[in-house]
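Notes to accompany the following structure.
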Amino acid sequence: MRTVFINIRELLQVRPQGQKSVAGDAMKTLPKINNAFLIVQNDCISDFGSMTNFRAQNGDEIIDATDRLILPCWCDSHSHVVYAGNRSQEFVDRINGLSYEEIAKRGGGILNSAKTLQNTSEDDLFEQSIDRIEKLIRLGTGALEIKSGYGLTTDAELKMLRVIRSIKHHSELKIKSTFLGAHAVPEQYKTNKVAYVDLIINEMLPKISQENLTDFIDVFCEKGYFDLVDTKRILTAAKNYNLKSKIHVNQFNTFGGVKLAVDFNALTVDHLEQLEDKDIVALKNSETMPVALPGCSFFLGIPYTPARELINAGLPLALASDYNPGSSPSGNMNFVVSLACIKMNMTPEEAINAASINGAYAMGISEQYGSITRGKKANLILTKKMRSYNQIPYEFGNNPVHNVMLNGQFIE
Ligand code: NIG
Ligand code: FE
């Protein structure tokens, strides 16, 4: 049977097969069809076009989308949504004057989340995480990358990655997993960071790949966390397991991490709140996608990634939530798109491109997700009634989603 949307006010992000991302000036265009139809068969988009060319068939299930828009679900390529408890006390500590870095130095931050997670059962961790994910689906997220990195022991990292695997099986969302053992240096390795990197390379990575628990590798390449030497060692080891990398870099300091990531042909470099000209030079002529995380800038009050510099240099850009308990305790991609427009001077077209097709590229799934294309998965947002897609970022804090279809089925 066919599910057919008719009278769609705007069918957005219509792309030809084979297009994997969009860069530079081309990001200013969001290809669309006004007054459109869209046909879903099984779990895929089978056809679409202008209403003037629509012919109904016997047995069609018709959905009238008058005054509504349809766009592909958000592809959120950077999250830490599997975590235990929360860090709302640190939020209050920051209001009272402590910085994120000061809190981390006192043993708070990532180490605080790791302690809580180590004491949480796998089942409980799954329940806490799936609850967050169900809320994300209602906000229009259709594909999500999830990182480990709050375990920081072999057992706890494996626990996190198994929970991510369970989510993959349990949820209708498209999930990609990333091993981020190098998220922080555990207390007991404080004076011997090299030994912790050894543990990652010699114990964690082999076990994780034996159980086939990760799609990507990540490192928090930052002062006080992991430096260029550590990052290079981990990326070199990951090559043996054919793991592509997605690197946290340039959040607070710049010291050559972007160039290193590009040299390793990283899939993405994420954060980039600090950016130097030489980072832009490194990214040019690479296949590495820069990823901005404006929710983190908003929540921590740090600079926003200079999107204009990147896009004006002809580069692509993806937007992601960074959903995590410390620097971005929200995974609302509608708000991320608003922030990109309001705080990073991205146009609505650029922001929607960055959160859909470029987000899909940043998870290595743009052949199947991220645009309205024949044969791609029917992961669709049907919006509330509105006149134009400009209202999605404009009405910040609102949920523009009326209903969500994942793999050709409306969510309950
Ligand atoms: O992407 N920067 C490193 N990791 C996370 C924050 C983790 C935390 O504070 O728990 C981020 O912002
Ligand atoms: Fe992150």
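Worth pointing out:
- At 1.306 mPa s and 10 °C, Stokes diffusion of segment 143-191 via Kirkwood alpha-carbon radius, µm² per second: 139
- Selection among Met204, Leu315, Asn112 by position relative to the dipole of segment 75-361 gives Met204 as farthest towards the positive end (Cβ unit charges, Cα centre).
- Cα-centred dipole magnitude for segment 245-293, charges only on beta-carbon of K, R (+1) and D, E (-1), debye, nearest 20: 80
- Per residue, the average separation of C-alpha pairs within less than 8 Å and at least 6 apart gives the chain a relative contact order of 23 percent.
- Karplus-derived 3J(HN,Hα) values for segment 95-100, using 6.51 cos²θ - 1.76 cosθ + 1.60 with θ = phi - 60°, are 4, 7, x, 6, 8, 4 Hz; glycine and proline are entered as x.
- Note, ³J(HN,Hα) from phi for segment 404-412, Karplus 6.51, -1.76, 1.60, rounded to Hz, x at Gly and Pro: 10, 10, 10, 6, x, 10, 5, 6, 6
- Ratio of Rg to Rh over segment 13-58 (Cα coordinates, Kirkwood Rh, two decimals): 1.05
- Tail fraction, Cα-Cα pairs, segment 1-140, threshold 22 Å, whole percent: 61
- Taking N as its residue count, the alpha carbon Rg of the chain over 2.2 N^0.38 Å: 0.96
- For Lys193, the lysines whose Cα falls under 20 Å of its own Cα, not counting residues fewer than eight places away in the same chain, are Lys105, Lys115, Lys223, Lys232.
- For Asp47, distant residues with modelled amide H under 5 Å away: Ile39
- Hydrodynamic radius by Kirkwood, which averages 1/r over all alpha carbon pairs of segment 320-380, in angstrom: 12.5
- Counting only Cα atoms, the size of segment 213-279 along its three principal axes is 32, 21, 18 Å, in decreasing order.
- Phi angles of segment 142-156 translate, via the Karplus equation with coefficients 6.51, -1.76, 1.60 and θ = phi - 60°, into HN-Hα couplings of x, 8, 8, 8, 10, 9, 7, x, 10, x, 6, 10, 4, 4, 6 Hz per residue; Gly and Pro are given as x.
- Cβ crowding within 10 Å ranks His169, His183 as His169, His183, fewest other Cβ atoms first.
- The ranking of Ser327, Ser113 by Cβ neighbour count inside 10 Å, starting from the fewest, reads Ser327, Ser113.
- Taking amide H as placed 1.01 Å from N in the peptide plane, the amide H of Lys244 sits under 5 Å from that of Ile217, each at least 5 places away or on another chain.
- Kirkwood analysis of the Cα pair distances in segment 60-160 returns a hydrodynamic radius of 16.0 Å.
FYI, it's all coordinate maths here, none of it is from the lab. A quick note: this is a predicted structure, and the numbers were derived from the prediction, not measured. Here the Cβ is made from the backbone with ideal geometry for all residues, glycine too, and neighbour counts use every protein chain on show.
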